[in-house]
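The values are calculated or read from the model by the stated rules, or taken from the named source; none is laboratory data. The structure presented is a predicted model; accordingly, all values stated were derived computationally and were not measured. Cβ sites come from the backbone with ideal geometry, for glycine too, and all protein chains shown count toward neighbours.
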Amino acid sequence: MKTEDLPLVSAARELVRGVPHLIADLANVSALIYCSVENINWAGFYLLRGETLILGPFQGKPACIEIPLGRGVCGTAALEDRVIRVGDVRSFAGHIACDPDSRSELVVPLHKDGKVFGVLDIDSPVPCRFSAEDERLFSSLAAALEEEMP
Ligand code: SME
């Protein structure tokens, strides 16, 4: 399946296309994900500043503001530049529990000029909520953002 065959990816691309404001783009995409994906309790972004991920636009309960590179699911995904899909957050050593309701999590790194500049983080109250197909979906969404964002 091609990326543009995925409605959520197309919708995200349309939201950010031609909008030269990073924070506005990420805010709208976090709202799009939160409103259209079932069984999630948090969707948003952390942006890399130096060696620390800083909380960016999101939907869900208030979350931790700073995550050092290499810490938690987000910091590990950013440091190792890889998608991390956690079926049971309690079994991930170092998981940072922002919302105690979260049971599973998917984190996708975002790149600019070939370097990680942040992550997309999605949490679910349902164990093993995210499938390999979801991983492909949100990786495609991240790639679309990388192409379209200022
Ligand atoms: N659970 C994440 C922290 C961010 S919150 O889920 C919004 C982690 O372990 O990095």
Exercise for review: Could you please find all residues in the range 107-132 being of a type outside the set (Asp, Glu) and touching a helix residue (DSSP H, G or I) at 6+ places or on another chain (Cβ under 6 Å)?
Suggested key: 107, 108, 109, 110, 111, 116, 119, 120
Exercise for review: Please indicate, with yes or no, whether at least one residue in the range 97-110 is away from the ligand (no atom under 13 Å from the Cβ), touching a residue at least 60 places away in the same chain (Cβ under 8 Å) and in a strand (DSSP E or B).
Suggested key: yes
Review point. For residue 57, are the conditions met, namely being loosely packed, with under 14 Cβ neighbours inside 10 Å and over 23 Å from residue 128 (Cβ atoms)?
Key: no
Point to revise | Flag if residue 135 is buried (at least 18 other Cβ atoms within 10 Å of the Cβ) and either in contact with a helix residue (DSSP H, G or I) (Cβ under 8 Å, 6 or more places away or on another chain) or not in a loop (DSSP other than H, G, I, E, B) (or both) | key: no
Review point. Before we move on, is residue 23 in a helix (DSSP H, G or I) and either among the β-branched types (Val, Ile, Thr) or under 21 Å from residue 86 (Cβ atoms) (or both)?
Key: yes
Review point. Can you pull out the strands (runs of 3 or more DSSP E) entirely within the range 35-80 that have at least 1 residues that are within 12 Å of the ligand (Cβ to nearest atom) and of a type in the set (Gly, Ala, Ser)?
Key: 42-49, 52-60
Check your understanding: Just one of the numbered conditions (1) surrounded by fewer than 22 Cβ atoms within 10 Å (Cβ to Cβ); (2) assigned to a strand (DSSP E or B) is not true of residue 121; which one?
Key -> (1)
Review point. Among 30, 10, which is within 16 Å of residue 122 (Cα to Cα), of a type outside the set (A, V, I, L, M, F, W, C) and in a helix (DSSP H, G or I)?
Key: 30
Review point. If you scan the range 1-54, which residues turn out to be of a type in the set (D, E, K, R), more than 15 Å from residue 138 (Cβ to Cβ) and in contact (Cβ under 8 Å) with a residue 24 or more places away in the chain?
Key: 17, 25
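Here's the yes/no breakdown for (1) modelled with pLDDT of 95 or more; (2) among the hydrophobic types (A, V, I, L, M, F, W, C); (3) within 22 Å of residue 11 (Cβ to Cβ):
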position	(1), (2), (3)
44	yes, no, yes
50	yes, no, no
54	yes, yes, no
149	no, yes, yes
Check your understanding: Can you tell me how many residues in the range 82-96 are part of a loop (DSSP other than H, G, I, E, B), surrounded by 14 or more Cβ atoms within 10 Å (Cβ to Cβ) and within 12 Å of the ligand (Cβ to nearest atom)?
Key -> 3
